[in-house]
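One structure is given here, and the rest of the page talks about it.
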Amino acid sequence: MKVGSAALALTAIILTGCSGQALDFRNAEISNSRIYDGSSDKPFSGTVTNVPISRIRTPDIGELLKFVGDATHDRSHSSLMLGAALGQIMGGNSPALCDVDVEDGYLDGTAVCSVAGSASTRVFEFHYANNVPTGDIRLFSPKQGGKLLAEAALDSNGKLSGESTIYYPQSGKPAGRATWVDGKAAGAIEAYDAETGNVILKGTTENGVMVGEEVRYAPDGKTVIKRANYIAGRLNGPYEEYDQSGKLLKKTIYEAGVDVQERDRLEAAYLSEAKELVAAGVYPGSDIEQVVVEVRSSRECLAKAVANSGNATPSEYVIEGCRVWTPERIAEMQEMIAKYGVQSEVGSQEAGAKEEAGGALDSGASSAE
């Protein structure tokens with residue numbers, strides 16, 4: 001799959017020389033998906049230069065770019081493509097320009113894309129057949145001066161197909177390998193340590209997601225640091241984590257993406273909290289299972305709010321509409337009950353003063369002033 005840059009450059013020169021024509025995109029016109037020289041009614045054949053990358057159909061490689069980012073932590077190519085998409089929407093300058101071979105007005109042949117203003121910093125090398133990206137494709141790192149990031153192949157419909165290899169751009173060593181079918185990962189997947197080159201990940205994909213067993217290793221390629229199982233991309237079955245020396249850190253079981261032990265621990269905590277609330281008179285005479293539902297909803301709401309805001313200070317427990325029962329909150333509820341005679345927040349509420357008080361409770365506002 002590897003092709004020397006000198007050979008590619010020579011090929012581009014030969015192709016341009018065969019047609020004898022080069023057309024700057026700024027002087028081109030496009031009609032019915034065909035390219036014309038602005039001064040001619042005949043579809044252009046030759047090389048069109050300085051084409052903004054947002055103006056041509058590029059390969060659909062989003063999943064490959066995700067794999068590249070995960071394996072190498074180099075996401076500069078993804079950032080550039082995002083910039084190209086935004087530039088197309090907002091009318092800004094393109095972050096990359098391409099030289100593309102054209103035959104009878106259609107993109108057909110080699111396409112070489114580079115960072116705008118730096119022709120030596122490549123981003124893409126791929127091919128077209130009648131306006132459709134196809135064949136071998138190479139990705140380069142804008143962050144690392146155009147060093148090789150990945151090699152892959154596209155089928156006749158422009159979708160990833162066959163084996164791909166990811167590289168650490170600094171060293172050129174392989175960072176990972178995956179196989180693709182119809183644009184989605186399918187088959188064995190491996191990742192390699194940047195220094196030792198040893199295998200640090202082995203897994204299997206199907207229809208773009210993990211299936212079966214996934215094993216991660218320390219840089220020595222022997223010590224297991226994670227062992228997990230997946231069904232249709234969700235953790236399911238035994239799960240283990242180890243430190244770099246092989247000492248067990250965590251052992252649990254997942255069901256449909258849920259940690260069973262953590263789920264059981266939380267459910268026990270919810271039940272305990274629900275019993276405390278009933279005992280404190282916040283939910284007098286209520287069904288304990290119904291109170292558990294309320295407590296679970298409140299805690300899950302809080303967890304999402306904290307995750308979104310990064311704020312977990314006690315004074316802001318009741319945020320984003322979450323009702324979390326701290327001791328202070330329980331005291332406030334008891335005061336509400338004494339003042340308004342409200343029996344419960346769970347279930348139906350009576351009209352009049354009780355309904356009004358229930359609204360105050362839902363908003364988290366204190367009416368005991």
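The values are calculated or read from the model by the stated rules, or taken from the named source; none is laboratory data. This is a predicted model, so every value here is computed, not measured. Reconstructed Cβ throughout: ideal geometry from the backbone, glycine too, with neighbour counts over all protein chains shown. All accessible areas refer to the heavy atoms of the entire protein, side chains included, with ligands and DNA or RNA removed. Shrake-Rupley method; radii C 1.70, N 1.55, O 1.52, S 1.80 Å.
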- Message: Restricting to segment 178-195, give me the number of residues that are without any contact (Cβ under 8 Å) to a residue 40 or more places away in the chain and under 22 Å from residue 127 (Cβ atoms).
- Response: 3
- Of 195, 262, 273, 214, the only residue that is outside any loop (DSSP other than H, G, I, E, B) and surrounded by fewer than 18 Cβ atoms within 10 Å (Cβ to Cβ) is 262
- Item | Odd one out for residue 252, checked against (1) open to solvent by less than 40 Å² (accessible area, probe 1.4 Å); (2) out of contact with any Gly (no Cβ under 9 Å at 6 or more places or on another chain); (3) assigned to a loop (DSSP other than H, G, I, E, B) | (3)
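For (1) in a strand (DSSP E or B); (2) of a type in the set (Asp, Glu); (3) under 22 Å from residue 47 (Cα atoms); (4) in contact with a Gly (Cβ under 9 Å, 6 or more places away or on another chain), each residue gets a yes or a no:
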position	(1), (2), (3), (4)
119	yes, no, yes, no
122	yes, no, yes, yes
128	yes, no, yes, yes
137	yes, no, yes, no
145	no, no, no, no
- Of the residues in segment 132-181, those that are open to solvent by less than 10 Å² (accessible area, probe 1.4 Å) and among the β-branched types (Val, Ile, Thr) come to 137, 166
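Select from segment 34-59 the residues that are in a loop (DSSP other than H, G, I, E, B) and either farther than 16 Å from residue 129 by Cα or not basic (Lys, Arg) (or both) and list them in ascending order. It would help to see each step written out before you state the result.
We begin by selecting, within segment 34-59, every residue in a loop (DSSP other than H, G, I, E, B); these are 38-42, 44-45, 56-59.
Within segment 34-59, 38, 39, 40, 41, 42, 44, 45, 56, 58, 59 meet the criteria.
Quickly run through segment 182-200 and pick out the residues that are in contact with a helix residue (DSSP H, G or I) (Cβ under 9 Å, 6 or more places away or on another chain) and small (Gly, Ala, Ser).
Here is the first cut: in segment 182-200, the residues in contact with a helix residue (DSSP H, G or I) (Cβ under 9 Å, 6 or more places away or on another chain) are 183-185, 189, 191-192, 194.
If the condition is that a residue be in contact with a helix residue (DSSP H, G or I) (Cβ under 9 Å, 6 or more places away or on another chain) and small (Gly, Ala, Ser), then 183, 185, 191, 194 are the ones that fit.
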- Give segment 42-66 a look and list any residue that's more than 36 Å from the chain's Cα centre (by Cα) and either at pLDDT below 90 or open to solvent by less than 50 Å² (accessible area, probe 1.4 Å) (or both), or say none. 43, 44, 45, 46
- Message: Need pairs with beta-carbon distance below 6 Å; first residue open to solvent by 40 Å² or more (accessible area, probe 1.4 Å) and at pLDDT 80 or above and within segment 71-85, second in a helix (DSSP H, G or I) and among the hydrophobic types (A, V, I, L, M, F, W, C); sequence gap 6+ or separate chains.
- Response: 78/65
- Of the residues that make up segment 105-119, is at least one at pLDDT 90 or above, open to solvent by less than 10 Å² (accessible area, probe 1.4 Å), under 26 Å from the mean Cα position of the chain (by Cα) and of a type outside the set (Lys, Arg)? yes
